[in-house]
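Every number in this text was worked out from the coordinates using simple rules, so none of it is lab data. None of the values given here were measured: they were computed from a predicted structure. Cβ sites come from the backbone with ideal geometry, for glycine too, and all protein chains shown count toward neighbours.
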Amino acid sequence: MVHIQFSLRPRRVLCLPMTGVAMFWLAGCAESGSNPSQGTNNATTLTDAPQESDAHAEHAHPSEGPHHGDLVELGNEEFHAEVVHAEGGVVSVYILDSVAKAAVPIDATELTINIAHDGHAEQFKLPADRDASDPDSKSSRFSLKDEELASDLDSHDATARLVVTISGKSYSGKIAHSHGAEHNHDEAYK
């Protein structure tokens with residue numbers, strides 16, 4: 001029996017490369033699990049699973065909501081919220097499905113926007129503002145007429161988060177307003 005002794009320092013240096021070699025060896029063993037002499041193939045076929053790039057291509061990330069507002073991801077894209085500024089300081093938030101296309105009426109009576117800027121924090125409650133197509137006792141739209149909220153959402157140094165409860169689960173998402181020269185405002189909702 002051969003006994004090899006390493007000092008502590010070289011062992012640390014060899015640990016990472018040895019781990020990498022072991023991982024590649026194990027990966028190679030998993031792919032070459034067939035034994036031609038037995039005539040059976042026990043290897044797992046990795047090509048049957050959706051490739052990450054294919055899955056990502058199937059799921060395009062929307063950049064704008066149906067009302068031309070800023071989108072907020074809720075959960076792991078389980079839902080989206082669309083923040084829309086209308087004339088006169090009206091801020092509306094629409095709850096949308098996972099692809100940010102269709103309205104999702106929920107039973108919440110309000111949602112909250114938390115904003116931090118200029119060293120202080122503010123909280124705004126937006127009450128449910130049922131859309132005409134929403135069923136009774138549910139709303140996909142929440143609105144508040146507040147010039148300060150509209151101004152704060154447009155502020156370059158403000159950070160804002162939306163908080164809403166959907167089917168008993170709390171969701172929170174960062175509101176990232178596009179601070180470009182043109183703002184997307186909903187002219188139809190007044």
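General remarks:
- Too-long pairs where the Cα-Cα distance tops 22 Å, listed order kept, from Lys101/Lys145; Lys101/Lys125; Lys125/Lys174; Lys125/Lys169: Lys101/Lys145; Lys101/Lys125
- Net charge, Glu73 excluded, C-beta distance under 13 Å - Lys, Arg +1, Asp, Glu -1: -3
- Relative contact order (percent, whole number), the range 64-175, Cα cutoff 8 Å, 6+ residue spacing: 27
- Net charge over other residues, Cβ less than 13 angstrom from the Cβ of Asp97 (K, R count +1; D, E count -1): -3
- Between His156 and Asn76, the simple spin-label model (points 7 angstrom out along Cα→Cβ) gives 3.7 nm.
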